[in-house]
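Here the structure comes first, spelled out in C-alpha cells, and everything after it is commentary.
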Amino acid sequence: MRVEVEELGLALDTSFLTLGVSPSAAHALDSMAALEAGAIANPDQGRQVGHYWLRLGRHAPEHVRGDIKALHRQIDSLAKDWPFSSLLVIGIGGSALGPQLVLDALGGRARFLDNTDPVGAARVLAELDLKTTGVLVISKSGGTKETRNSMLLAQSAYGAAGLDFGAHAIAVTGQDSLLFKAAQGWRARVPLWDWVGGRTSLHSAVGLLPMALLGLDWRGFLDGARIMDARTRGVSENPALVLAQGWWSAQEGGPRAMVMLPYCDRLVLLSKYLQQLVMESLGKRRADGERVGLTVYGNKGSTDQHAYVQQLRDGPDDFFASFVAVLSDDQAGVLGAVQVEPGVRAGDYLLGFLLGTRKALSDAGKQSLTLELEQVDARSLGGLIALYERAVGFYATWLGINAYNQPGVEAGKKAAEEMLALQVRILAGEPAEGPDAALIRRRLALTGR
C-alpha cells in the first residue's frame with residue numbers, strides 16, 4: 001500500500017509489510033477528535049493535551065486562540081531583536097530532543113545542556129564565546145532538576161566571565177512557575193501552557209523560538225504540520241492510520257521493535273526523538289495489568305549496514321524496519337552533482353544501499369515500511385513530526401492506554417529523590433548499608449566530601 005501527501009513531498013510505502021486486520025479506524029479517529037475538542041487527556045494531572053491547537057487556531061478553544069497568536073507575535077519580535085550569533089539551549093526530554101532534531105536537520109547551529117553532568121556542561125560552555133551566546137532555558141514547571149542544575153552551572157560560567165546571565169537569557173516556562181519567578185529581569189519570559197505535553201511540544205515555543213532565533217523557517221514548520229493534521233483526520237488516504245496499522249500488523253507473531261533507518265545525515269537524531277515520543281507514550285501497563293509498548297532504536301543508513309544490519313538480516317525476527325529515503329540532493333549544492341562513477345552520484349549510492357538493505361531483509365523474511373521525502377525542509381519536517389504524533393495517538397487507542405501520561409517517569413523521579421535524601425543522611429554521619437549507600441560513599445570520597 002502506498003499513501004502520498006503531495007503538498008509535503010511525502011509518501012508512505014508498506015509494500016514490504018504484511019498488513020493484517022487492525023482494530024477500528026473509527027474508534028481511533030473518534031479518540032483523536034475528542035482530544036482536539038478539548039477532552040481531558042491526562043487524567044493524572046487533570047490536563048488537556050492541545051498540541052494540535054498550536055498549528056491551527058480554529059481547532060483550539062476560543063480562549064486559547066488569542067494566546068497562540070500572541071506567542072507568534074512575541075517570537076517574531078524576539079527574533080527581530082536577537083543580538084547574539086550563538087545559541088545555548090538548556091532543557092531535557094521533549095525540551096531538548098525535539099529542538100535538537102529540528103535544528104540539526106535544518107542547519108541551525110546550537111549547543112545544548114540536557115543533563116546534570118558538570119563535566120559535560122564544562123565541555124559545552126568552554127567551546128562557546130559567552131559574550132556572543134544567547135540562552136534559552138526551557139522548563140514548563142521550572143522544577144525539573146536536570147534543567148535547573150544546568151541553568152545554575154551556566155549562570156556560574158557567565159558570572160565568572162563578568163557577564164549578566166539575565167541579559168543573555170530567555171525563559172520558556174509556565175506562568176508563575178519556579179523558572180518564571182527566577183527569570184524576572186531576563187530578556188523575556190515566553191509562555192509554555194500546561195496543555196502542551198513535553199514530547200508533543202515542538203510546535204510550541206519549545207521548537208519555534210530556537211528556530212526563529214536562528215533564522216529558520218518556523219512558519220513553514222507549522223504549515224507542514226497543519227497540512228499533515230488535515231490529512232490525518234479522516235479515514236481515506238490517511239498516512240497516520242496506515243502507519244499505525246503497519247505497527248500493529250508487525251506485532252503479529254510476537255513483539256517486535258521498530259528500527260529506524262533514515263538514509264540521511266540530517267535525520268540522524270530522528271530515532272532519538274522518536275524513542276521519547278513513541279516509548280514514553282506507548283510503554284505502559286494496561287488496566288488489566290498487561291505490559292505493552294513499542295521499542296525504538298536506530299541510527300542512520302548506510303552507517304547501520306556496517307553495524308547491526310547483520311543481525312537484522314540473519315538474527316531473530318524481533319523487529320520491523322522503518323526506512324526513510326530522502327530523494328533530492330539539491331541541498332548538497334555542487335557536491336550533489338559530483339560523479340563518483342560514470343553517471344553515478346553519491347546520493348545514488350545512498351538510495352541504492354537503502355533499496356539493497358530493504359531487499360536483503362525481505363529475502364530473509366523480515367518486514368519493513370518506507371517513508372519517502374523529496375527533501376528535508378521545514379514544511380516536510382513539520383509534517384513528518386505531525387505524522388508520528390497522530391500515529392502514536394491512534395496506536396495508543398488500540399492498545400487501550402493513555403498516550404499522554406508517564407507514571408514510570410514520575411516513579412523514577414521519586415526514587416531519585418529518595419537516593420538524594422540517603423546522601424544527605426550519609427553526609428550527616430547516619431549509618432546506611434547496601435549497594436546504593438556504598439556507591440554514594442565512593443562518589444563522596446572521590447569529590448572530597
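Some notes on this structure:
- Point-charge dipole on Cβ atoms (K/R +1, D/E -1) for the chain, about Cα centre, debye to 20: 1100
- Percent breakdown of C-alpha pair distances by 10 Å bin, ordered from the shortest bin, for the stretch 1-145: 8, 22, 31, 24, 12, 2
- Taking 0.890 mPa s as the viscosity and 25 °C as the temperature, the Stokes-Einstein diffusion coefficient of the stretch 251-299 based on its alpha-carbon Kirkwood radius rounds to 207 µm²/s.
- Residue-wise HN-Hα couplings along the stretch 15-22, as the Karplus relation 6.51 cos²θ - 1.76 cosθ + 1.60 with θ = phi - 60° gives them from phi, are 4, 9, 10, 7, 7, x, 8, 9 Hz; Gly and Pro carry x.
- If you wrap the stretch 47-219 in the convex hull of its Cα atoms and look at it from every side, the mean projected area works out to 9.2 nm².
- Electrostatic bookkeeping for Asn238 treats Lys and Arg as +1 and Asp and Glu as -1; over the other residues with beta carbon under 9 Å from its beta carbon, the sum is +2.
- The packing ranking, built from the mean of other Cβ atoms within 10 Å per residue, places the peptides 198-204, 177-183 in the order 198-204, 177-183, highest first.
- Relative packing of peptides 113-123, 87-97 - highest average C-beta neighbours within 10 Å first: 87-97, 113-123
- Each residue of the stretch 306-311 was assigned a 3J(HN,Hα) from its phi angle through the Karplus expression (A = 6.51, B = -1.76, C = 1.60, θ = phi - 60°), giving 9, 10, 9, 4, 3, 6 Hz with x at Gly and Pro.
- Ordering Ala212, Leu446, Gly356 by the projection of their Cα atoms onto the charge dipole of the chain, which places +1 on the Cβ of Lys and Arg and -1 on the Cβ of Asp and Glu, puts Leu446 at the extreme positive end.
- Whichever lysines have a C-alpha closer than 19 Å to that of Lys69, once near sequence neighbours (fewer than 8 apart) are set aside: Lys80
- Packing-based ranking of 269-280, 284-295 yields 269-280, 284-295, ordered from highest to lowest mean Cβ neighbour count within 10 Å.
- Rounded to the nearest 5, the antiparallel percentage of DSSP beta bridges internal to the chain is 30%.
- Ordering Trp186, Ser77, Gln155 by Cα displacement along the dipole of the stretch 47-219 toward the positive end leaves Ser77 in first place; charges were set at the Cβ atoms of Lys, Arg (+1) and Asp, Glu (-1).
- Expressed in units of 2.2 N^0.38 Å, where N is the residue count, the Cα radius of gyration of the stretch 234-361 is 1.24.
- The value for the stretch 407-446 of Rg(Cα) / (2.2 N^0.38 Å) is 1.25.
- Distant alpha-carbon pairs in the chain (separation over 30 angstrom), percent: 49
Coordinate-derived values only; no laboratory data. What you are looking at is a predicted structure, and each value in this text was computed from that prediction instead of being measured. Positions of Cβ are backbone-derived with ideal geometry, glycine not excepted, and every protein chain shown enters the neighbour counts.
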